[in-house]
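Novice: The following block contains the structure, expressed as structure tokens.
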Amino acid sequence: MSVTSENAAAGNAANGKNIVLHAADVIKNFGGLRALSDIDLQIEEGKTHAIIGPNGAGKSTLLNVIIGRIAPTSGAVVFDGTVLTGKAPHEINQLGISRVFQTPEIFADLSVLHNVMAPAFARRDGSFRLNMFRTTAREAAIREEAESLLNDFGMWDRRDDHSGALSRGDKRRLELCMCLIQHPRLLLLDEPTAGMSRHDTNTTIELLKKIKLRGMTKVIIEHDMHVVFSLADKISVLAQGRIIASGLPQDIKEDPRVQEAYLGGAAE
Amino acid sequence: MFHLSRKDQIKLAIFALVVVTMPIWLAPLGAAYPGLMQKFAIYAIFAIGFNILFGLTGYLSFGHAAFLGVGSYTAVWSFKLLTMDIVPALIFSTLLAGVFALVIGFFSLRRTGIYFSILTLAFAQMCYSLAYSVLTPITNGETGLLLARNDPRVIDEALGAGTVGGAGLPTPALLGNTVSGYFGFYICAALLILAFFISQKIFASPFGLALRGIKSNQTRMIYTGFNIRPYMLAAFVISGMFAGLAGGLLSVTDPIAGAERMRWTESGNIVLMTILGGVGTLIGPVIGAWVIEYFENIFSAINKNMLNAAFDFLPDGVQNLAVTVLSKFVGEGWHLTLGLLFVLIVVFLPGGLVEGYLKLVARFRRGRGTKPEAGGK
């Protein structure tokens, strides 16, 4: 394990790759239970990095440590030169990290268009601004950007609908729009296709590929292998709180330790 | 800064017209006297402010009476110490209520939901008790804070303007014109229209959008980069300042300030007004305030004699029965009627009277759509 991460670090240094996020020696204990041990994870700029692993491997804990929802017992997460440990979630977002949740978190009481405009205001105005005397509808730049994004995602004609009434797949698309309008430097996706039909899953994969074309860095947590191998440039395998392998999709597929721990030796 | 959407402009124009013509359309309802219409306007301002907090963010404050009380006391003190002119009185009422809201909000907003409500209630009750006990030098306790002839009134003194009102107690004035009767009402009405306009601006602004976001999904707000605490505090302070202005106006129209304005029943009243009219709508809280003020002042004044007169056309036995039954619901029993109305609305129209109106409109439109000839009649 440590060999793998050292190799990765050496490789990055050699290629001059830009590391956006680095989780260094992260340990997380819940009481006596060790959820994460000695995690060393580096996310390269512009790449889609998948974190896979069986249930209970610590994937969600790792994601929550990255976004500051859970403080690690030791170790640190560094994003673009800034230590994230101890920062509030809104501060971490303001640094350029947006998150898609397992169950879409949207503003169900607001219109689709307002759902997309609100995050744009957070990006433009920072975490707080008493913007009382301007009119939302007259913020032309933000409105146009939101509408064109909705158009790209095939939701423009639903922009005035109540977003609570959208289908699960549409809610996911809306949530992606809400993250993308912030132009995040890093997009975190927590099982973006969980509970979706095969059709919706494929649509979502297509959407995420579109984002990939825009060169956005993404971390995706997933256990659907179809999704992972369709999207990932790099895969890290988590088992029992440790990263047991990290590498290109092809290498991961063939790694015997991975097959044993996760694919059950049955893959291929 | 003063821009409104076309729809909002029309709403504002209609609203202003309705408010200004109150003396005309309230006359058949028996409520067209200035003292009552002033209250209609003042409580509507209070409700509009409360709705900016409760309607947009969903945080239910049970302590807004504290700000009403602070506003009242401040205005009377401004009359006593500075001048009988109402402009400084209203400015100080609004600002001081804002300061109180800042302090109370700072602590109360550390909690959400029921705990937030309880904290605001606790703070308001604290203010109420203090006003009756240790703060008596400032509040004059149970008697209430009154004007006196020998108050310093340094500004009036310096300007050499003799106190308006001659031999009796001085009366509040606007630039030398005594504020009373219809003049008092139109001042309140102008401020009500201004309050409605500010509320429209907030509803349509990015700030208002953020407040709605807080009501809708706090998790998403945080992970979208909004810092919720200052947004909530700003909403709390703004709504506290509306309450302060309302309190100041109560003192302007009747320069006595008593602690009873800070009682929890007063806080509860504003919650009822907002829910009755329609939480989170622009006009709902105003309508709620008017309905409740109407009940409190007109319905409560109906007595058996008036009922007897109204049912004079019925045969004796039926008349007696009708009067006996109905008398339980009017006069002293107005609380019963209001309570029943409130229960009916919360159960059948959770969106308040505004929702009821919208449902009626929708039904009427649908009816017209299917049977055009029926609509033509």
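Novice: B:Gly63 passes all but one of (1) touching a residue at least 40 places away in the same chain (Cβ under 8 Å); (2) not in a loop (DSSP other than H, G, I, E, B); which number fails?
Specialist: (2)
Novice: Also, quick follow-up: Take the stretch B:5-35 and flag every residue that is surrounded by 16 or more Cβ atoms within 10 Å (Cβ to Cβ) and not small (Gly, Ala, Ser).
Specialist: Residues of the stretch B:5-35 surrounded by 16 or more Cβ atoms within 10 Å (Cβ to Cβ): B:8, B:11-12, B:15-16, B:19, B:22-23, B:26, B:31, B:34.
Within the stretch B:5-35, B:Asp8, B:Lys11, B:Leu12, B:Phe15, B:Val19, B:Met22, B:Pro23, B:Leu26, B:Pro34 meet the criteria.
Novice: Within the stretch B:136-159, take every residue that is of a type in the set (A, V, I, L, M) and assigned to a loop (DSSP other than H, G, I, E, B) and give me the one that is surrounded by the fewest Cβ atoms within 10 Å (Cβ to Cβ).
Specialist: Initially, the stretch B:136-159 is screened for residues of a type in the set (A, V, I, L, M), giving B:138, B:145-148, B:154-155, B:158-159.
Remaining after also requiring assigned to a loop (DSSP other than H, G, I, E, B): B:146-148.
Details: B:Leu146: 14, B:Leu147: 19, B:Ala148: 8.
Ranking the candidates gives B:Ala148 first.
Novice: For A:Arg138, indicate whether it is in contact with a His (Cβ under 7 Å, 6 or more places away or on another chain), assigned by TED's automatic domain parsing to the domain that holds A:Arg172 and charged (D, E, K, R).
Specialist: Values: in contact with a His (Cβ under 7 Å, 6 or more places away or on another chain): yes; assigned by TED's automatic domain parsing to the domain that holds A:Arg172: yes; charged (D, E, K, R): yes.
So A:Arg138 passes the test.
Novice: Something else about it: Tell me yes or no: at least one residue of the stretch B:206-217 is in contact (Cβ under 8 Å) with a residue 24 or more places away in the chain and under 19 Å from A:Val100 (Cα atoms). Reasoning before the result, please.
Specialist: If we filter the stretch B:206-217 for residues that are in contact (Cβ under 8 Å) with a residue 24 or more places away in the chain, which is where we start, we get B:207-208, B:211-212, B:214-215.
Next, only the ones that are under 19 Å from A:Val100 (Cα atoms) stay: B:214.
Yes, that holds for at least one residue.
Novice: Also, quick follow-up: Within the stretch B:288-295, does at least one residue satisfy the condition of being more than 16 Å from B:Ala47 (Cβ to Cβ), β-branched (Val, Ile, Thr) and in contact with a helix residue (DSSP H, G or I) (Cβ under 7 Å, 6 or more places away or on another chain)? Working first, answer last.
Specialist: In the first step, residues of the stretch B:288-295 are kept if they are more than 16 Å from B:Ala47 (Cβ to Cβ); the result is none.
Looking for residues that are more than 16 Å from B:Ala47 (Cβ to Cβ), β-branched (Val, Ile, Thr) and in contact with a helix residue (DSSP H, G or I) (Cβ under 7 Å, 6 or more places away or on another chain), one finds none in the stretch B:288-295, hence no.
Novice: Moving on to the next point. With respect to B:Val361, determine if the residue is surrounded by fewer than 14 Cβ atoms within 10 Å (Cβ to Cβ), out of contact with any helix residue (DSSP H, G or I) (no Cβ under 7 Å at 6 or more places or on another chain), modelled with pLDDT of 80 or more and more than 28 Å from B:Ile202 (Cβ to Cβ). Show your work before the answer.
Specialist: Working: surrounded by fewer than 14 Cβ atoms within 10 Å (Cβ to Cβ): yes; out of contact with any helix residue (DSSP H, G or I) (no Cβ under 7 Å at 6 or more places or on another chain): yes; modelled with pLDDT of 80 or more: yes; more than 28 Å from B:Ile202 (Cβ to Cβ): no.
Judged against the criteria, B:Val361 is not a match.
Novice: Looking at this structure, is B:Gly258 of a type in the set (Gly, Ala, Ser), more than 14 Å from chain A (Cβ to nearest Cβ) and either touching an Asp or Glu at 6+ places or on another chain (Cβ under 9 Å) or surrounded by fewer than 23 Cβ atoms within 10 Å (Cβ to Cβ) (or both)? Outline the logic, then answer.
Specialist: Values: of a type in the set (Gly, Ala, Ser): yes; more than 14 Å from chain A (Cβ to nearest Cβ): yes; either touching an Asp or Glu at 6+ places or on another chain (Cβ under 9 Å) or surrounded by fewer than 23 Cβ atoms within 10 Å (Cβ to Cβ) (or both): yes.
The answer is yes for B:Gly258.
Novice: Yes or no: B:Phe15 out of contact with any Gly (no Cβ under 9 Å at 6 or more places or on another chain), of a type outside the set (A, V, I, L, M) and part of a helix (DSSP H, G or I)?
Specialist: Values: out of contact with any Gly (no Cβ under 9 Å at 6 or more places or on another chain): yes; of a type outside the set (A, V, I, L, M): yes; part of a helix (DSSP H, G or I): yes.
Taking the combined requirement at face value, the residue satisfies it.
Novice: What's the number of the condition B:Val237 fails, among (1) part of a helix (DSSP H, G or I); (2) more than 19 Å from B:Gly280 (Cβ to Cβ); (3) within 7 Å of chain A (Cβ to nearest Cβ)?
Specialist: Of the numbered conditions (1) part of a helix (DSSP H, G or I); (2) more than 19 Å from B:Gly280 (Cβ to Cβ); (3) within 7 Å of chain A (Cβ to nearest Cβ), the odd one out for B:Val237 is (3).
Novice: Among B:Leu250, B:Leu272, B:Leu245, B:Leu276, which is within 14 Å of the chain's Cα centre (by Cα) and surrounded by fewer than 23 Cβ atoms within 10 Å (Cβ to Cβ)? Even if it seems obvious, please write down each step before you answer.
Specialist: Numbers: B:Leu250 fails: surrounded by fewer than 23 Cβ atoms within 10 Å (Cβ to Cβ); B:Leu245 fails: surrounded by fewer than 23 Cβ atoms within 10 Å (Cβ to Cβ); B:Leu276 fails: surrounded by fewer than 23 Cβ atoms within 10 Å (Cβ to Cβ).
After ruling out the rest, the residue left standing is B:Leu272.
Novice: Considering only the stretch A:123-162, state which residues are touching a residue at least 40 places away in the same chain (Cβ under 8 Å), assigned to a helix (DSSP H, G or I) and touching a helix residue (DSSP H, G or I) at 6+ places or on another chain (Cβ under 6 Å). Before the answer, list the steps.
Specialist: The first filter runs over the stretch A:123-162 and keeps only residues touching a residue at least 40 places away in the same chain (Cβ under 8 Å), leaving A:123, A:152-153, A:155, A:158-162.
In the following step, the residues that additionally are assigned to a helix (DSSP H, G or I) were identified as A:123, A:152, A:158.
Across the stretch A:123-162, the qualifying residue is only A:Arg158.
Novice: All but one of (1) at pLDDT 95 or above; (2) within 14 Å of chain A (Cβ to nearest Cβ); (3) crowded, with 21+ Cβ neighbours inside 10 Å hold for B:Gly225, so report the exception by its number.
Specialist: (1)
Novice: Still on this model: Please go through the stretch B:12-56 and give me each residue that is away from chain A (no Cβ under 14 Å), in contact (Cβ under 8 Å) with a residue 40 or more places away in the chain and in contact with a Leu (Cβ under 7 Å, 6 or more places away or on another chain), ordered by number.
Specialist: B:Val19, B:Met37, B:Ala41, B:Ile42, B:Ala44, B:Ile45, B:Phe46, B:Phe54
Novice: If you don't mind, there's one more thing I want to ask. Within the set of pairs 6+ apart or on separate chains, which have a first residue in the stretch B:306-317 that is assigned to a helix (DSSP H, G or I), a second that is of a type outside the set (Lys, Arg), and C-beta atoms under 8 Å apart?
Specialist: So the pair list comes out as B:Leu307/B:Ala322; B:Leu307/B:Val323; B:Leu307/B:Leu326; B:Leu307/B:Ser327; B:Leu307/B:Val330; B:Asn308/B:Gln319; B:Asn308/B:Val323.
Novice: Looking at the stretch A:88-106, I want the residues that are more than 18 Å from A:Ser163 (Cβ to Cβ) and have a partner that is surrounded by 19 or more Cβ atoms within 10 Å (Cβ to Cβ) and small (Gly, Ala, Ser) with Cβ atoms under 6 Å, at least 6 apart or on another chain. Which pairs are those?
Specialist: From residues that are more than 18 Å from A:Ser163 (Cβ to Cβ), the pairs are A:Pro89/A:Gly68; A:His90/A:Ser127; A:His90/B:Gly225; A:Ile92/A:Gly68; A:Asn93/B:Gly225; A:Gln94/A:Ser127; A:Gln94/B:Gly225.
Novice: When A:Leu174 is evaluated against the numbered criteria (1) free of Cβ contacts under 8 Å to residues at least 12 places away in the same chain; (2) closer than 20 Å to B:Phe226 by Cβ, which criterion, by number, is the only one it fails?
Specialist: (1)
Novice: Now for a different question. If A:His22 passes every condition in (1) within 18 Å of the chain's Cα centre (by Cα); (2) under 29 Å from B:Leu233 (Cα atoms); (3) surrounded by fewer than 21 Cβ atoms within 10 Å (Cβ to Cβ) but one, which one does it miss?
Specialist: Single failed check for A:His22: (2).
Novice: While we're here: Which number in (1) in a helix (DSSP H, G or I); (2) not assigned by TED's automatic domain parsing to the domain that holds A:Val26 marks the one condition that A:His90 misses?
Specialist: (2)
Novice: Only one of (1) in contact with an Asp or Glu (Cβ under 7 Å, 6 or more places away or on another chain); (2) crowded, with 17+ Cβ neighbours inside 10 Å is not met by B:Thr120, so which one is it?
Specialist: Every condition holds for B:Thr120 apart from (1).
Novice: When you go through B:Val291, B:Val318, B:Val323 one by one, which is the residue that is at pLDDT 80 or above, farther than 27 Å from B:Glu355 by Cα and surrounded by 14 or more Cβ atoms within 10 Å (Cβ to Cβ)?
Specialist: Numbers: B:Val291 fails: farther than 27 Å from B:Glu355 by Cα; B:Val318 fails: surrounded by 14 or more Cβ atoms within 10 Å (Cβ to Cβ).
Checking each option against the conditions leaves just B:Val323.
Let's see how each residue does on (1) among the polar types (S, T, N, Q); (2) closer than 23 Å to B:Val179 by Cα:
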position: B:Ala32; (1), (2): no, yes
position: B:Leu36; (1), (2): no, yes
position: B:Ile45; (1), (2): no, yes
position: B:Phe50; (1), (2): no, no
position: B:Thr83; (1), (2): yes, yes
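Novice: Can you tell me how many residues in the stretch A:81-122 are within 7 Å of chain B (Cβ to nearest Cβ) and within 29 Å of A:Gln42 (Cα to Cα)?
Specialist: Adding up the residues that qualify gives 8.
The values are calculated or read from the model by the stated rules, or taken from the named source; none is laboratory data. Please read these numbers as outputs of a predicted model, since none were measured by experiment. Note: ideal-geometry Cβ built from the backbone for every residue, glycine included; neighbour counts use all protein chains shown.
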